[in-house]
């Protein structure tokens, strides 16, 4: 099974499934591919490298949570992402609010709708668990993606990762009941 392109449209030939701990190595590979060209001009390259190493490590608690998904085609992982009722570090939790976590699409699959399909799976599951709003801490590069899903920016923030203050945008989206 392969993805086919007709004009600007892609056929959705991948499967979305819940991830598990056995997917850790391949999830790490997707994360590394997605962040391969991530750069923040004017920031210390060594500290950014350490922060990226932390970001691209497989999120084992999420892989065990039953709320983290992968998109797969012919045994290859194309993308990963999920949600949690628990906020990421440095974000205050609130009842009824879920948090998108560790979304990434392999660089050669970006822009084909794979991330959107993972978001749809996450949203369905979150709604079924009583979540009515999803928040996300977005890298500057991913703001366009999350905006296309209906997320609105609430403001900039810095996320401390491996001794580095990673610039981010806090975004939110109320979900339909």
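Throughout, read-outs are computed from the coordinates displayed, never taken from laboratory work. Quick caveat: nothing in here was measured; it's all calculated off a predicted structure.
Counting Cα-Cα pairs of region 67-170 in 5 Å increments starting at 0 gives whole-percent bin shares of 2, 12, 22, 24, 20, 13, 5, 1. Taking the chain as a Gaussian network of alpha-carbon nodes connected by springs under 10 Å, the highest mean-square fluctuation of the residues 73, 52, 118 belongs to 73.
Expressed in nm to one decimal, what extension gain is obtained for the pair residue 64 and residue 158 from 0.36 nm per residue of sequence separation less their Cα-Cα distance? Show your work: numbers first, answer last.
Values: separation 94, 0.36 × 94 = 33.84 nm, distance 2.71 nm.
My answer for the length gained is 31.1 nm.
Taking 0.36 nm per residue of separation and subtracting the Cα-Cα distance, what length does fully extending residue 176 through residue 132 add?
Values: separation 44, 0.36 × 44 = 15.84 nm, distance 0.74 nm.
The span from residue 176 to residue 132 would gain 15.1 nm if fully extended.
Suppose we take every Cα in region 133-176 and form the convex hull; what volume per residue is that in Å³? Don't skip to the answer; put the middle values down first.
On the way: hull volume 2.6 nm³, N = 44.
So the per-residue Cα hull volume is 59 Å³.
Legend: Rg and Dmax of the chain, from Cα coordinates, 15.8, 46 Å. Based on DSSP H segments of at least four residues, each scored -39500 (n - 2.57), the chain has a per-residue ellipticity at 222 nm of -8000 deg cm²/dmol. If the chain linking residue 143 and residue 36 were pulled fully straight, counting 0.36 nm for each residue of separation and taking away their Cα-Cα distance, it would gain 36.8 nm.
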